[in-house]
Amino acid sequence: MAKKPSKSKVFPIHILNGPNLNLLGSREPEIYGKTTLAQIKKACTARAKDHGFSILFDQSNKEGELVDMIQKARTKAGAVIINAAAYTHTSVAVLDALKMLTVPVIEVHLSNPARRENFRHTSYVAMGATGTIAGFGLNSYLLAIDAVADLLGGKKK
Ligand code: DQA
């Protein structure tokens, strides 16, 4: 009898983005680069496809909407990649939502918060994440997809 496909192969990787990331490209390009969120989405779609996965890509400037997206991922996602942006450093609500997930959760950041202002050194998201990738710009997202594929066993390139 054929093996049932795993949940991870059936459900997309949810890639969730927090406040102000909609303005990537023009927002503090000296820190975040010139890549737009649309370009990140395109690159993530291609990388996920290489591994045999699909993605759902979303962004919100509102904390409650991010919580709603994470709750939806409970039953609809094979894994979650999240750049909670400023809510990384403030949101217990985002952390509590992440803690309900049973799938892999990868925290990503374009910049490296550890070498920036002190208030960026605390991450609530990290407490609910499988692991964190930060400081590689667009590549942080692509490395996170590679990590998910490694954890879930994606098809090799
Ligand atoms: C960020 C880092 C956060 O500290 C900041 O608030 C952001 C973006 C990053 O991707 O580097 O909005 O998450």
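Within the stretch 105-157, restricting attention to residues that are polar (S, T, N, Q) and part of a loop (DSSP other than H, G, I, E, B), which residue is nearest to the ligand (Cβ to nearest atom)? For the stretch 105-157, the residue satisfying everything is 111.
Determine if the stretch 118-140 includes at least one residue that is in contact (Cβ under 8 Å) with a residue 40 or more places away in the chain and among the charged types (D, E, K, R). Looking for residues that are in contact (Cβ under 8 Å) with a residue 40 or more places away in the chain and among the charged types (D, E, K, R), one finds none in the stretch 118-140, hence no.
Would you mind stating whether residue 96 is closer than 19 Å to residue 75 by Cα, assigned to a helix (DSSP H, G or I) and not hydrophobic (A, V, I, L, M, F, W, C)? Write out each step before concluding.
On the way: closer than 19 Å to residue 75 by Cα: yes; assigned to a helix (DSSP H, G or I): yes; not hydrophobic (A, V, I, L, M, F, W, C): yes.
In short, yes.
Being within 16 Å of the ligand (Cβ to nearest atom), closer than 16 Å to residue 134 by Cβ, touching a residue at least 60 places away in the same chain (Cβ under 8 Å) and surrounded by fewer than 17 Cβ atoms within 10 Å (Cβ to Cβ) narrows it down to one residue among 40, 31, 81, 15; which is it? First the steps, then the outcome.
Values: 40 fails: surrounded by fewer than 17 Cβ atoms within 10 Å (Cβ to Cβ); 81 fails: surrounded by fewer than 17 Cβ atoms within 10 Å (Cβ to Cβ); 15 fails: surrounded by fewer than 17 Cβ atoms within 10 Å (Cβ to Cβ).
That would be 31, the only listed residue that is within 16 Å of the ligand (Cβ to nearest atom), closer than 16 Å to residue 134 by Cβ, touching a residue at least 60 places away in the same chain (Cβ under 8 Å) and surrounded by fewer than 17 Cβ atoms within 10 Å (Cβ to Cβ).
Of all residues in the stretch 99-117, which are of a type in the set (Gly, Ala, Ser) and in contact (Cβ under 8 Å) with a residue 24 or more places away in the chain? Once the filter is applied, which keeps residues that are of a type in the set (Gly, Ala, Ser) and in contact (Cβ under 8 Å) with a residue 24 or more places away in the chain, the stretch 99-117 yields only 111.
A quick yes/no check of all residues on (1) among the acidic types (Asp, Glu); (2) under 13 Å from the mean Cα position of the chain (by Cα):
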position: 111; (1), (2): no, no
position: 116; (1), (2): no, no
position: 123; (1), (2): no, no
position: 127; (1), (2): no, no
position: 139; (1), (2): no, yes
position: 150; (1), (2): yes, no
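Answer yes or no as to whether residue 64 is loosely packed, with under 13 Cβ neighbours inside 10 Å and either modelled with pLDDT of 95 or more or farther than 13 Å from residue 16 by Cα (or both).
Yes.
Within this structure, residue 90 fails the test of being under 17 Å from residue 136 (Cα atoms) and at pLDDT 95 or above.
The values are calculated or read from the model by the stated rules, or taken from the named source; none is laboratory data. Source: prediction; values computed, not measured. All Cβ positions, even for glycine, are placed from backbone atoms using ideal geometry, and neighbour counts span all protein chains on display.
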